[in-house]
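Working notes for the structure below.
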Amino acid sequence: MESSEEVGENTIRTSSEEEEEEVEREPSNFENGDGEDEEVEDEEEDEEDEDDEDDDDEEPPRRKPILDASRLIAQRSKLENLVERMRKEKVRLRVHDILIKGNSKTKDSLIEAEVEAIKNASTMQELLEAAGVANANLQRLEIFDSVKITLDSGPPELPGTANVVIEVVEAGNPLSGECGAYTKPAARSWTFEGSVKYKNWLGYGDLWDGSLAYGPNQTSEVSAGVYLPRLKRLMTPLVARLSLLSQDWMEFSSYKERSLGLSLGLYSTKYHDLGYNLGWRTITDPSQMASNSIRRQLGNSLLSSLKYTFKVDKRNSAVRPTRGYAFVSTSQIGGLAPDHRSLRFVRQEFDLRYAIPFGFDRAAMNFGVSAGVVLPWGNGFLNKPSSLPERFFLGGDFSPVCTIGGPTTVWGFKTRGMGPTEPRREVRDENKGKDNDALGRDFVGGDLAVTAFADLSFDLPLRWLREHGIHGHIFAGAGNLAKLTENEFRSFSFQKFMETFRTSVGVGIVVPTRLFRLEGNFYYILKQQEHDRGKTGFRFSISAPS
């Protein structure tokens, strides 16, 4: 290599540029040359000899800037030739050595794993590209305040080689905190969450965190976890999380659920994710008014499941998509533990989204179709009921536009506001001496769920609203649930399933924020069944991107 280059924070600096700056600052140092260090030994010499000596002493300083400028011009010429050559052809190059500096706590193996592509570069072009990717990878770990990668020439005896110097500055304060609104698939609703994080405790880029989440319907979760981006020779991040989740569904389904679980991330890439969940789940009915199918699910159970997710999201925004597409497929199998209390089930979900821009006023049409099915497995599985928490429940005050992952809601219907229901148990009030009819019916969920929506978004005419991303939308949604287990599949009719679809339309204003998407919508219910909880009217909703 003819000159060295630095890659850091999306900048490339050459050594020639640095030397030019130094030369511009040096002339003041050469003003008196070396003559300042010389003394006249013989004070009796005549003035002509002194003048001659002064002339001789002043000559070298005039030559030195000329030599430095010549050298700088030569190096700049070499650099220009190298750049021109890189434009025309591939410049063959081999990485001789990688030097790491500044990491007092972080393991060398972690940094080396993130810059592995640099070692495999065979040309100057590949080396520059790999250095840029490596810089981004190291910054993404969030354990360094700054990262600088310098590309320098290799040893003189090894022409066509380069040395790579990686200089990092580790984060001064490893402790941080954050808060936000998130969509919780387990709770099938949004939650407000606060967390505290400690970075790089072990030196492997590890991230330790503890969090507390709270949402509607008295949903709460306390959890602690660790994230290891690279551990030894493992090529995939290692994720472990211990959580205690509590959910109150008394208003909708007459039961409370508490789950203590451990989740492990086994494999994770850009598009694929494989995880294992182990949990102890307890379902109770404090009111003793639950319907028959709910009462059969009360008690303790063991969850041991493997979950695989394939996700591709090419949309330009998760809050307001105006172009692109997204697809998510989630497969889960439970019952992997040799215990009679282990829940045995298979669950499959699909979600497809597509956004089409219209080319004016940021108008775009978003389409979405979601479907899911859950079934038990084992001997006589068609005669058995599916696990209650794994069933599908539709409804809730959040938008399907920014929540992706499976069938969750239909506009205008309350939480768990549609699908199969059963009458609650009648309880005799001894104080009053008469029957007190159960307070309605329990929504028991479905084994098959399908939803679809269309959403037309557009800018509003006021400039201030456009600048802050506030926009309007017109939407329509539909969805349905059906029971397949306990031999209900025998009476299932596709025609009847389509005829009983719930539908709604509406119009509203969307206010996007950093934490969530706020909507003020007017819903109009076109079609609902007898016991559904859909309501025409104006309501606010909060949605967090999933």
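The values are calculated or read from the model by the stated rules, or taken from the named source; none is laboratory data. Keep in mind that this is a model prediction, so the values were computed, not measured. Heads up, the Cβs are rebuilt from the backbone with ideal geometry, glycines too, and the neighbour counts pull from every protein chain shown. All accessible areas refer to the heavy atoms of the entire protein, side chains included, with ligands and DNA or RNA removed. Shrake-Rupley method; radii C 1.70, N 1.55, O 1.52, S 1.80 Å.
Coupling constants for the stretch 420-426 follow from the phi torsions by the Karplus curve (6.51 cos²θ - 1.76 cosθ + 1.60, θ = phi - 60°), and in residue order they are x, 10, 9, x, 6, 5, 7 Hz; glycine and proline get x. A Förster radius of 35 Å combined with the Cβ-Cβ distance from L274 to N81 puts the calculated FRET efficiency at roughly 0.10. Residues in the stretch 81-170 average 53 Å² of solvent-accessible surface per residue, probe 1.4 Å, ligands and nucleic acids excluded. Reported to the nearest whole Å, the Cα centre-to-centre distance from the stretch 236-267 to the stretch 484-505 is 30.
What separates the Cα centres of the stretch 353-428 and the stretch 137-162 is a distance of 50 Å.
Taking the Cβ of R463 as the center, what net charge do the other residues with Cβ under 15 Å away carry, scoring Lys and Arg +1 and Asp and Glu -1? After counting each charged neighbour, the total is -1.
Neighbours of A240, meaning other residues whose beta-carbon lies under 14 angstrom from its beta-carbon, give a summed charge of -1 when Lys and Arg score +1 and Asp and Glu score -1. Overall, the accessible surface of the stretch 266-352 at a probe of 1.4 angstrom is composed of carbon and sulfur to the extent of 57 percent.
Dividing the radius of gyration of the alpha carbons in the stretch 376-516 by their Kirkwood radius gives 1.12 for Rg/Rh. Put a dot 7 Å past the Cα of F310, heading toward its Cβ, do the same for S331, and the two dots end up 0.8 nm apart. Near N103, once Lys and Arg are set to +1 and Asp and Glu to -1 for all other residues with Cβ below 11 Å from its Cβ, the sum equals -1.
Sequence-ordered 3J(HN,Hα) estimates for the stretch 121-130 from the Karplus curve with 6.51, -1.76 and 1.60 and θ = phi - 60° stand at 5, 10, 9, 5, 5, 5, 5, 5, 5, 5 Hz, glycine and proline given as x.
Quick one: grab the alpha carbon gyration tensor of the stretch 479-546, order the square roots of its eigenvalues as a ≥ b ≥ c, and give me rounded if a/c is under 1.5, else prolate or oblate depending on whether a/b is larger than b/c. In terms of gyration-tensor shape, prolate. Model label points for N300 and V133, set 7 angstrom from Cα along the Cα-to-Cβ axis, are 5.0 nm apart.
Antiparallel beta bridges, as assigned by DSSP with both residues in the stretch 81-170, represent about 60 percent of the total such bridges. Toward the positive end of the charge dipole of the stretch 81-170, with +1 on the Cβ of Lys and Arg and -1 on the Cβ of Asp and Glu, the farthest Cα among L128, V165, V115 is that of L128. Average 1/r across all pairs of distinct alpha carbons in the stretch 81-170, invert it, and you get the Kirkwood radius: 13.7 Å.
In this calculation the C-beta distance from E116 to A69 is compared with R0 = 35 Å, giving a FRET efficiency of 0.25. With a ≥ b ≥ c the root eigenvalues of the C-alpha gyration tensor of the stretch 290-437, is it rounded (a/c under 1.5), prolate (a/b larger than b/c) or oblate? Since a/c reaches 1.5 but b/c is at least a/b, the shape of the stretch 290-437 is classed as oblate. For F367 and S104, the FRET efficiency from 1/(1 + (r/R0)^6), where r spans their Cβ atoms and R0 equals 45 Å, is about 0.30.
Extension gain for the segment F494 to W201, taken as residue separation times 0.36 nm less the Cα-Cα distance, is 99.9 nm to one decimal. The distance from the alpha carbon centre of the stretch 103-124 to that of the stretch 506-522 is 45 Å, rounded to a whole number.
By accessible area, using a 1.4 Å probe on protein heavy atoms only, the stretch 81-170 has 47% of its surface on carbon and sulfur.
Length available on full extension from A240 to V91: 0.36 nm per residue minus the Cα-Cα distance, which gives 49.2 nm. Read phi for every residue in the stretch 303-315 and hand back ³J(HN,Hα) as whole Hz from Karplus 6.51 cos²θ - 1.76 cosθ + 1.60, θ = phi - 60°, with x for Gly and Pro. Result, ordered by residue: 9, 9, 9, 10, 10, 10, 10, 10, 9, 10, 10, 10, 6 Hz. Packing here is the average count of other Cβ atoms within 10 Å per residue, and on that basis the peptides 485-492, 390-397, highest first, run 390-397, 485-492.
Given +1 at the Cβ of Lys and Arg, -1 at the Cβ of Asp and Glu and no other charges, the dipole of the stretch 81-170 around its Cα centre is 300 debye to the nearest 20. Surface composition of the stretch 468-546: carbon plus sulfur atoms hold 61% of the accessible area, using a 1.4 angstrom probe and ignoring ligands, DNA and RNA. In the full protein context, the stretch 222-287 carries 55 Å² of accessible surface per residue, based on a 1.4 Å probe and ignoring ligands, DNA and RNA.
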